[in-house]
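What follows is a single structure, written as structure tokens, with notes after it.
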Amino acid sequence: DLSQDSWRNIVENQSIMYCVGIPETNEMLCGSSIQGGSSAIPTETEAFVVHWDCEAEEVVHSLQPVPEITSYGRMVRADTGIIYGLAGSQYYAYDPVEREVLMTGDLPGGRVHFPGLHDVPVGGLIYGLADDKVFAIDPADHSVAVVAEHESLARAHGFTVTDEGVLYYGSGPWLWRCDLTPDGNG
């Protein structure tokens with residue numbers, strides 16, 4: 001039998017959008033949004049990223065990696081332990097153990113498609129979709145590069161990347177596939 005607990009307003013007047021584990025500290029990194037739901041009127045002006053201590057059951061650190069952001073999107077932990085997150089049309093690299101923002105940068109496109117980033121690195125890279133582009137964040141140097149472009153990506157809704165580096169996404173009534181590997185052999 002499953003049991004559950006809940007904590008209200010860990011970030012005052014904000015919704016928790018995404019969480020990612022920090023096993024080294026037994027914490028969760030959580031990104032918030034000033035939006036409270038479909039009928040809520042925001043009362044706050046900026047979102048936060050917070051460290052939730054799983055044992056103490058409380059927020060132990062709070063930050064704003066990118067100024068003036070109203071919602072922090074998907075966060076993905078790279079194999080290096082660095083967490084990459086979305087903030088509007090920007091991204092950031094964050095060291096959750098040192099609690100240090102390593103860099104912020106612009107994504108190659110304005111509109112990020114749900115879910116923003118693939119939830120695990122593939123071949124060391126973190127893939128995402130923006131506008132009509134597939135981009136990859138490289139944790140080796142925190143850079144972002146466009147790896148594919150196609151007009152169908154402008155209407156993408158939902159995507160996944162296989163362990164072999166093949167992107168699948170919905171666009172209109174079609175399911176599309178794109179091989180993201182340099183040699184095209186998955």
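The values are calculated or read from the model by the stated rules, or taken from the named source; none is laboratory data. Values in this document were obtained by computation on a predicted structure and should not be read as measured data. We place every Cβ from the backbone using ideal geometry, glycine too, and count neighbours over all the protein chains shown. For the accessible areas, the whole protein counts, side chains as well, though only heavy atoms, and no ligand, DNA or RNA atoms are used. Shrake-Rupley method; radii C 1.70, N 1.55, O 1.52, S 1.80 Å.
List, please: which pairs have Cβ atoms under 8 Å, are six or more places apart or on different chains, and start with a residue in segment 53-82 that is in a strand (DSSP E or B) and end with one that is basic (K, R) and open to solvent by less than 20 Å² (accessible area, probe 1.4 Å)?
none
Conditions tested, residue by residue: (1) over 14 Å from the mean Cα position of the chain (by Cα); (2) basic (K, R); (3) under 25 Å from P67 (Cα atoms).
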site	(1), (2), (3)
F114	no, no, yes
R155	yes, yes, no
G158	no, no, no
Y168	yes, no, no
L175	yes, no, no
L180	yes, no, no
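Can you tell me which residues in segment 92-105 are open to solvent by less than 10 Å² (accessible area, probe 1.4 Å) and under 20 Å from E46 (Cα atoms)? Lay out the reasoning, then the answer.
Going residue by residue through segment 92-105, those that are open to solvent by less than 10 Å² (accessible area, probe 1.4 Å) are 92-94, 96.
Those that are open to solvent by less than 10 Å² (accessible area, probe 1.4 Å) and under 20 Å from E46 (Cα atoms): Y92, A93, Y94.
Hey, could you check segment 153-179 for residues that are open to solvent by 20 Å² or more (accessible area, probe 1.4 Å) and aliphatic (A, V, I, L, M) and say which is nearest to I137 (Cα to Cα)?
Looking at the filtered set, the residue picked out is V166.
Output the residues belonging to segment 148-186 that are touching a residue at least 12 places away in the same chain (Cβ under 8 Å) and charged (D, E, K, R).
Keep residues of segment 148-186 that are touching a residue at least 12 places away in the same chain (Cβ under 8 Å), which gives 148-167, 169-172, 174, 176, 178-181, 186.
Matches in segment 148-186: E149, E151, R155, D163, E164, D179.
Are any residues in segment 32-44 crowded, with 19+ Cβ neighbours inside 10 Å and either over 20 Å from the mean Cα position of the chain (by Cα) or within 16 Å of Y94 (Cα to Cα) (or both), and if so, which ones?
Residues of segment 32-44 crowded, with 19+ Cβ neighbours inside 10 Å: 32-34.
Hit for segment 32-44 is S32, nothing else.
Could you grab me the full set of residues in segment 129-152 that are in a helix (DSSP H, G or I) and open to solvent by less than 50 Å² (accessible area, probe 1.4 Å)? Break it down into steps so the answer makes sense when it comes.
If we filter segment 129-152 for residues that are in a helix (DSSP H, G or I), which is where we start, we get 151-152.
Matches in segment 129-152: S152 only.
Where residues in segment 123-147 are without any contact (Cβ under 8 Å) to a residue 60 or more places away in the chain and within 20 Å of P23 (Cα to Cα), which of them is nearest to the chain's Cα centre (by Cα)?
That would be I126.
Looking at G116, G109, which is the one that is open to solvent by less than 50 Å² (accessible area, probe 1.4 Å), closer than 20 Å to L63 by Cβ and modelled with pLDDT under 95?
Numbers: G109 fails: closer than 20 Å to L63 by Cβ.
So the residue among G116, G109 that is open to solvent by less than 50 Å² (accessible area, probe 1.4 Å), closer than 20 Å to L63 by Cβ and modelled with pLDDT under 95 is G116.
Table: residues versus (1) open to solvent by 90 Å² or more (accessible area, probe 1.4 Å); (2) of a type in the set (V, I, T).
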residue: E24; (1), (2): yes, no
residue: E46; (1), (2): no, no
residue: V50; (1), (2): no, yes
residue: C54; (1), (2): no, no
residue: V60; (1), (2): no, yes
